[in-house]
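The values are calculated or read from the model by the stated rules, or taken from the named source; none is laboratory data. Remember, it's a predicted structure, so these values are computed and weren't measured experimentally. Here the Cβ positions follow ideal geometry from the backbone for every residue, glycine too, while neighbour counts run over all protein chains shown. Side chains are part of the model used for accessible areas, which takes the heavy atoms of the whole protein and leaves out ligands, DNA and RNA. Shrake-Rupley method; radii C 1.70, N 1.55, O 1.52, S 1.80 Å.
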Amino acid sequence: MRIAGAALNQIPFDWTHNLRTIREAIAQAKAAGVELLCLPELCLTGYGCEDLFLSEWLPEAALAHLQQIRPWTEGICVVVGLPIRLNQRTYNTAAVLRDGQILGFAAKQFLANDGVHYEPRFFAPWPAGETTTVQWEGEEWTLGDMTFEHQGVKFGFEICEDAWRPNDVRPACRLMGRVDLIVNPSASHFAMSKTDVRYHLVTEASRTFNCTYLYANLLGNEAGRITYDGEILVARHGHLLLRNQLMSFKEVDMEYVDVDFSTPLEPAAEIVPLPAPDEYRELNQALSLALFDYLRKARSRGFVLSLSGGADSCLCAVAVAEMVRLGTAELGTAEFMRRAGCFTAEEIAQLAGPVTAVADQDAPGPNDASLSPTNNEQRKANNEITRRLLTCAYQGTVNSSDDTFNSAKELAESIGAVFHNWEIDAEVSGYVGKIEHALGRDLTWQTDDLALQNIQARVRAPAIWLLANVQNCLLITTSNRSEASVGYCTMDGDTAGSISPIAGVDKDFVKKWLRWAETELNYPALRHVNSLQPTAELRPLEDKQTDERDLMPYVLLNRIERLAFYDRLAPKQVLATLRHEDPAADPEQLKTYVKRFYSLWSRNQWKRERYAPSFHLDDYNVDPRSWLRFPILSGGYTEELNAL
């Protein structure tokens with residue numbers, strides 16, 4: 001049987017869009033002779049509908065829209081994910097359709113309730129072994145723990161989280177021996193290195209449960225924060241049969257493989273490991289796709305960035321350039337511009353011309369066109385597209401250095417971005433003068449250090465916001481996860497923006513990624529920022545301010561953060577772990593850093609509540625709206641830190 005999965009780039013309750021991609025996937029599958037097609041979890045509504053799943057109308061509308069799909073399934077068996085609401089409870093289901101008929105609904109039995117997932121808020125788990133019925137306009141279908149048969153092949157379901165549970169409780173353990181095929185429609189979020197875990201999950205399940213296993217994931221930045229990599233996997237008895245290109249810019253990625261269910265296959269003696277994931281490249285691909293989807297789904301005209309010349313803003317600028325490079329490499333220039341939705345037909349004709357995509361088919365990443373001189377025409381076209389999509393401004397003060405200015409200017413020019421340069425000293429002096437007059441005293445660095453730093457960052461916000469508003473663009477804010485943890489940012493200053501793409505990435509990784517991008521992605525202008533120590537440049541230059549002197553070494557900050565909130569250790573346990581990991585470290589200095597981290601963390605939760613929407617890119621983040629909740633007001637670890 002020729003079986004297939006299709007990764008779909010969906011939008012929450014955008015019925016027109018979602019039905020169009022579903023129809024396109026079915027059409028592609030039929031044209032390829034596919035007999036059974038699996039579409040992703042909740043692909044009809046989108047996975048990210050949040051509390052709308054608790055409404056009566058959304059599941060009702062989904063069931064009504066499912067009827068439109070029925071005639072498209074003539075001659076093929078198709079799995080479509082949607083919510084079904086029964087007796088004031090919503091269930092996450094996979095509908096099986098064939099030849100214009102609905103054969104039934106398999107319901108998800110285990111719900112994800114960790115990390116970025118809060119499924120028990122929206123859905124009820126389905127009890128194993130039970131079924132009920134669903135009615136719609138005089139028709140009735142079975143819903144629940146079901147198996148199906150298509151052309152002699154028996155198949156059952158695990159829906160995403162079902163497969164992540166222990167082998168002795170997951171649905172597969174009850175399907176073993178009863179089915180030839182397990183189908184898994186998923187909405188499994190991207191995190192760096194997660195594809196390796198998912199690969200082992202699928203291949204080992206196919207071996208353990210003596211079956212063929214078909215897995216299809218959602219694709220792209222669906223609803224704003226979470227990105228899906230669009231992974232499609234087929235494995236049989238521990239042997240990988242199919243694995244697709246991840247992070248595609250296509251809206252539909254349909255992949256198929258032929259499986260001879262009638263011929264026995266010897267189980268794999270061991271699972272063949274994949275090459276080690278390249279997290280730098282993974283981040284690049286995920287960030288590029290997430291920005292592209294956010295741009296077009298927000299119906300924006302592009303991005304505006306306050307480009308300081310430091311690490312974070314430079315990464316954000318390169319991310320936009322990489323969005324253009326990777327997108328045009330896979331889709332072609334004209335299709336990329338059309339999909340972006342912010343170019344006129346004349347602009348597309350002018351820039352696309354005869355230039356076509358230059359493909360490198362090495363999976364599992366997007367086609368990664370070379371930046372060598374042989375692609376000068378494509379580079380020129382990409383720079384011009386980037387110029388239309390990215391506007392940068394360097395907003396200097398007397399405390400800014402030539403180093404950061406040169407870093408910002410050369411990088412912007414090298415990628416084709418519009419670059420503005422203006423000073424904000426007059427605005428800073430104006431505000432400082434008003435407050436000095438009101439208080440009847442001078443503000444000095446000795447008495448008002450933080451306030452004088454913050455006003456510089458805040459004064460930068462109005463002008464860059466105005467520029468973004470005038471151009472109908474998204475304003476990028478550049479905070480990283482390390483800064484978010486300790487509140488090393490100025491609220492309504494450098495945190496001002498519509499979107500915070502790297503707030504889920506730690507500062508040490510940002511610095512390493514930029515060094516990688518300079519050489520591996522051929523951005524020589526990054527040599528400036530890669531030679532600098534991270535600094536806010538808010539104190540007088542002679543003070544030689546650096547982030548790590550204000551805080552602590554970033555490597556240590558990240559380690560404390562992970563121990564505290566990923567491993568969920570108490571301050572005493574964190575300190576003991578650090579001492580064990582580095583016996584040569586000064587114990588009193590470690591204690592000072594641990595106290596500093598927890599104190600800064602506790603007093604800055606209100607800032608994390610107010611960050612612009614950020615992307616989930618690592619295996620955890622500190623965004624209270626997607627991964628880590630913490631009280632705004634608390635005891636601040638007073639007793640725990642005193643006990644150290």
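What the table below lists for this structure:
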quantity	calculated
Filtered residue count, the stretch 1-20, keeping only those that are in contact with a His (Cβ under 7 Å, 6 or more places away or on another chain) and assigned to a helix (DSSP H, G or I)	2
Residue list for the stretch 565-585, restricted to those being open to solvent by less than 90 Å² (accessible area, probe 1.4 Å) and not in a helix (DSSP H, G or I)	ASP567, LEU569, ALA570, ASP582, ALA585
Test result for PHE419, closer than 30 Å to LEU556 by Cα and either surrounded by fewer than 17 Cβ atoms within 10 Å (Cβ to Cβ) or modelled with pLDDT of 95 or more (or both)	no
Failed criterion for GLU266 (all others in (1) part of a loop (DSSP other than H, G, I, E, B); (2) more than 26 Å from GLN151 (Cα to Cα); (3) of a type outside the set (A, V, I, L, M, F, W, C) hold)	(2)
Residue selected from the stretch 614-638 under the condition at pLDDT 95 or above and among the aromatic types (Phe, Trp, Tyr), by the criterion farthest from ASN604 (Cα to Cα)	PHE615
Within the stretch 93-127, considering residues that are in a loop (DSSP other than H, G, I, E, B) and polar (S, T, N, Q), the one surrounded by the most Cβ atoms within 10 Å (Cβ to Cβ)	GLN109
Search result, residues across the stretch 171-205 that are in a loop (DSSP other than H, G, I, E, B) and either touching a Ser or Thr at 6+ places or on another chain (Cβ under 9 Å) or of a type in the set (D, E, K, R) (or both)	MET176, ARG178, VAL179, ASP180, PHE190
From SER485, SER414, SER407, SER429, residue being in contact (Cβ under 8 Å) with a residue 12 or more places away in the chain, part of a helix (DSSP H, G or I) and open to solvent by 40 Å² or more (accessible area, probe 1.4 Å)	SER414
Residue among SER300, SER313 that is modelled with pLDDT of 95 or more, assigned to a helix (DSSP H, G or I) and either in contact with a strand residue (DSSP E or B) (Cβ under 7 Å, 6 or more places away or on another chain) or surrounded by fewer than 24 Cβ atoms within 10 Å (Cβ to Cβ) (or both)	SER313
Test result for THR73, open to solvent by 10 Å² or more (accessible area, probe 1.4 Å) and farther than 20 Å from LEU218 by Cα	no
Any hit, the stretch 164-186, residues being open to solvent by 10 Å² or more (accessible area, probe 1.4 Å), in contact with a Leu (Cβ under 9 Å, 6 or more places away or on another chain) and among the polar types (S, T, N, Q)	no
Output for the stretch 323-346, where each listed residue is open to solvent by less than 40 Å² (accessible area, probe 1.4 Å), out of contact with any Phe, Trp or Tyr (no Cβ under 6 Å at 6 or more places or on another chain) and either closer than 17 Å to ALA417 by Cα or touching a residue at least 40 places away in the same chain (Cβ under 8 Å) (or both)	VAL324, ARG325, LEU326, ALA329, THR333, PHE336, ARG339, ALA340, CYS342, PHE343
Of the criteria (1) open to solvent by 40 Å² or more (accessible area, probe 1.4 Å); (2) over 17 Å from ALA484 (Cβ atoms); (3) assigned to a helix (DSSP H, G or I), which one LEU590 fails	(1)
Any hit, the stretch 519-541, residues being outside any helix (DSSP H, G or I), of a type in the set (A, V, I, L, M, F, W, C), surrounded by 22 or more Cβ atoms within 10 Å (Cβ to Cβ) and at pLDDT below 95	yes
Residue count, the stretch 269-297 (criterion: assigned to a loop (DSSP other than H, G, I, E, B) and charged (D, E, K, R))	2
Flag for SER602 being among the small types (Gly, Ala, Ser), at negative phi and crowded, with 19+ Cβ neighbours inside 10 Å	yes
Residue check, ASP168 in a helix (DSSP H, G or I) and either at negative phi or in contact with a helix residue (DSSP H, G or I) (Cβ under 7 Å, 6 or more places away or on another chain) (or both)	no
Pairs with Cβ under 8 Å, 6+ apart, first in the stretch 623-643 and under 17 Å from TYR566 (Cα atoms), second β-branched (Val, Ile, Thr)	SER626/VAL116; SER626/ILE226; TRP627/VAL116; LEU628/VAL622
Condition check for ASN382: open to solvent by less than 30 Å² (accessible area, probe 1.4 Å), modelled with pLDDT of 50 or more, touching a Lys or Arg at 6+ places or on another chain (Cβ under 8 Å) and assigned to a helix (DSSP H, G or I)	yes
Residues within the stretch 25-62 that are surrounded by 17 or more Cβ atoms within 10 Å (Cβ to Cβ), of a type outside the set (Gly, Ala, Ser), part of a helix (DSSP H, G or I) and within 29 Å of the chain's Cα centre (by Cα), tallied	7
Any pair with Cβ under 9 angstrom, 6 or more apart, that starts in the stretch 197-220 at a residue that is closer than 13 Å to CYS160 by Cβ and open to solvent by 10 Å² or more (accessible area, probe 1.4 Å) and ends at one that is part of a strand (DSSP E or B) and not aromatic (Phe, Trp, Tyr)	LEU201/LEU233
Considering residues of the stretch 338-366 that are in a loop (DSSP other than H, G, I, E, B), modelled with pLDDT of 90 or more and not hydroxyl-bearing (Ser, Thr, Tyr) only, the residue nearest to LYS297 (Cα to Cα)	GLY341
